[in-house]
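The values are calculated or read from the model by the stated rules, or taken from the named source; none is laboratory data. Just so it is clear, the model here is predicted, and its values are computed rather than measured. Methodologically, a virtual Cβ is constructed for each residue, glycine included, from the backbone with ideal geometry; neighbour enumeration extends over all protein chains shown. Please note that ligands, DNA and RNA were not included when accessible areas were found on the heavy atoms of the full protein model with its side chains. Shrake-Rupley method; radii C 1.70, N 1.55, O 1.52, S 1.80 Å.
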Amino acid sequence: MEDDSPEEFLAEFKEKHLGAWGIVQITAGTGLAVYAMWAGVLMPGFRKVPLRLQVPYLPASKKQMRNVMTLLSGRHGNLVDLGSGDGRIVLEAHKHGFGPTVGYELNPWLVRLANFHAWRAGHYGKVSYRQEDLWKVDLTECKNVTVFLAPSVLSLLQEKMEAELPDDALVVAGRFPFTEWTPCRIEGDGVDRAWAYTMQAQRLPAGSAVLPVPKELKSPV
């Protein structure tokens with residue numbers, strides 16, 4: 001058996017009847033592998049986070065990144081990604097001329113993965129990924145903020161942003177919008193959609209006249 005080639009082993013496997021116990025073994029093995037991935041990569045950092053504020057790691061697609069960058073077109077200065085995951089938004093923003101670009105992520109394994117992506121792209125040391133709680137991040141000097149977070153988190157995060165972000169800051173949300181804010185621009189469709197919000201507009205009293213959309217945020221004709 002030890003000397004069988006992969007082709008011989010596969011042929012023998014196909015000829016056998018697994019039976020109930022065989023199926024259980026395969027199912028258990030697959031489940032164990034999935035759990036190992038969760039425990040090793042996704043779970044660290046979640047233990048101290050309330051269940052309703054936990055956001056499963058789901059990397060941004062190329063369309064989502066493109067929509068985010070479109071909404072950020074014409075902007076400049078620093079950029080912060082809250083819940084940066086594997087760091088691809090931060091890296092893409094750096095390639096588009098933003099700086100400094102910083103990602104805040106609670107999961108240590110995702111921070112390591114983000115640094116690996118930066119190194120592979122030749123930008124290691126030019127972008128920053130920090131293992132920090134986004135609720136403790138000081139946003140008072142942030143000009144551009146991106147978030148790919150769950151609605152339960154966004155509803156609380158908007159209070160922090162309203163209290164800390166400067167009036168000229170722009171917030172771009174992917175996958176889910178801020179339900180209590182009015183976007184100045186929307187890009188994309190379905191799960192790839194992204195929303196842009198100017199902080200000055202969110203601070204206007206109810207019933208106030210809507211501010212004109214900044215020139216850099218207007219869609220090209």
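A few comments on the model shown:
- Top positive-direction residue, dipole computed over the stretch 62-203 with Cβ charges, set THR198, VAL90, TYR124: TYR124
- Bins of 10 Å from zero: percent of alpha-carbon pairs in the stretch 52-165: 14, 49, 34, 3
- Structural descriptor for the stretch 62-203: relative contact order 25 percent, calculated from alpha carbon pairs under 8 angstrom and at least 6 residues apart.
- Heavy-atom accessible surface of the stretch 62-203, averaged per residue, reaches 46 Å², computed with a 1.4 Å probe.
- Placing a pseudo-label 7 Å from each Cα along the Cα-to-Cβ vector at HIS76 and ALA150 gives an inter-label distance of 4.0 nm.
- The largest accessible area among TRP119, TRP109 belongs to the first residue in TRP119, TRP109, and the rest follow in falling order (1.4 Å probe, all chains).
- Spatial separation of Cα centroids for the stretch 162-200 and the stretch 67-146, in angstrom: 17 Å
- Karplus 3J(HN,Hα) series, Hz, for the stretch 111-127 with 6.51 cos²θ - 1.76 cosθ + 1.60 (x for Gly, Pro): 4, 5, 5, 4, 5, 5, 4, 5, 5, 5, 7, x, 10, 4, x, 9, 10
- Distance in nm between pseudo-label sites at GLU164 and SER61 (7 Å out along the Cβ direction from Cα): 3.1 nm
- Summed side-chain charge close to VAL191 - residues other than VAL191 whose Cβ falls under 11 Å, Lys, Arg +1, Asp, Glu -1: +1
- Lys, Arg +1 and Asp, Glu -1 on Cβ, resulting dipole of the stretch 64-180 about Cα centre, debye, nearest 20: 680 debye
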